[in-house]
Amino acid sequence: MNELFRKFAHKTSVVVGSPWAFITAVAIIVIWAVTGPIFGFSDTWQLVINTGTTIVTFLMVFLIQNTQNRDAIAIHLKLDELIRGVKNARNSLVDLEDLSDEELEQLQQEFQRLRERYGTPSEDSLEEVEETLEKRESSRRTSKKPKKTQKQ
């Protein structure tokens with residue numbers, strides 16, 4: 001059942017998010033507006049568009065929410081993989097979505113303090129950081145080389 005709904009929600013979101021779906025929706029509204037004088041702008045005429053849009057909106061909320069949930073999970077997994085793959089990244093940042101609002105606020109304040117302390121990186125400072133990191137890496141490589149022992 002879940003897989004069937006996932007496929008349906010995905011295909012529907014692709015179709016409904018297309019320019020043709022928008023053009024179709026505009027055409028329906030234009031046709032409805034043009035038929036207003038024919039039906040004397042009656043209550044039934046107004047009820048048709050109100051009922052139709054309400055039903056479509058109600059159903060689309062669930063489809064859009066499903067698609068957004070899946071996208072959010074995929075993005076979180078990709079970011080978690082990047083965090084785990086970066087050598088000096090804090091692995092404690094993995095699964096931030098599970099933190100409470102208070103914990104997220106504390107973390108946000110920590111990053112704000114870091115920005116205030118070190119400033120917002122510019123393109124020039126990023127180049128300097130990259131150069132510094134390259135120098136550190138090359139010095140680590142040279143310090144890790146085994147030293148030759150002297151023969152006695």
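The values are calculated or read from the model by the stated rules, or taken from the named source; none is laboratory data. Owing to the predicted nature of the structure, the values given are computational and were not obtained by experimental measurement. Neighbour counts run over all protein chains shown; Cβ positions are idealised from the backbone, glycine included.
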Study note, to complete from the structure: In the stretch 82-98, residues that are surrounded by fewer than 10 Cβ atoms within 10 Å (Cβ to Cβ), charged (D, E, K, R) and closer than 24 Å to Glu137 by Cβ total 2
Review point. Just wondering, is there one or more residues in the stretch 1-14 that are among the aliphatic types (A, V, I, L, M), closer than 30 Å to Ala74 by Cα, in a loop (DSSP other than H, G, I, E, B) and modelled with pLDDT under 90?
Key: yes
Revision key, fill the gap. Of those in the stretch 119-139 that are modelled with pLDDT under 70 and either touching a Cys at 6+ places or on another chain (Cβ under 9 Å) or among the acidic types (Asp, Glu) (or both), the residue surrounded by the most Cβ atoms within 10 Å (Cβ to Cβ) is Asp124
**Study point:** Filter result for the condition that a residue is on the phi < 0 side of the Ramachandran plot and exposed (fewer than 11 other Cβ atoms within 10 Å of the Cβ), over Ile28, Ile55
**Key:** Ile55
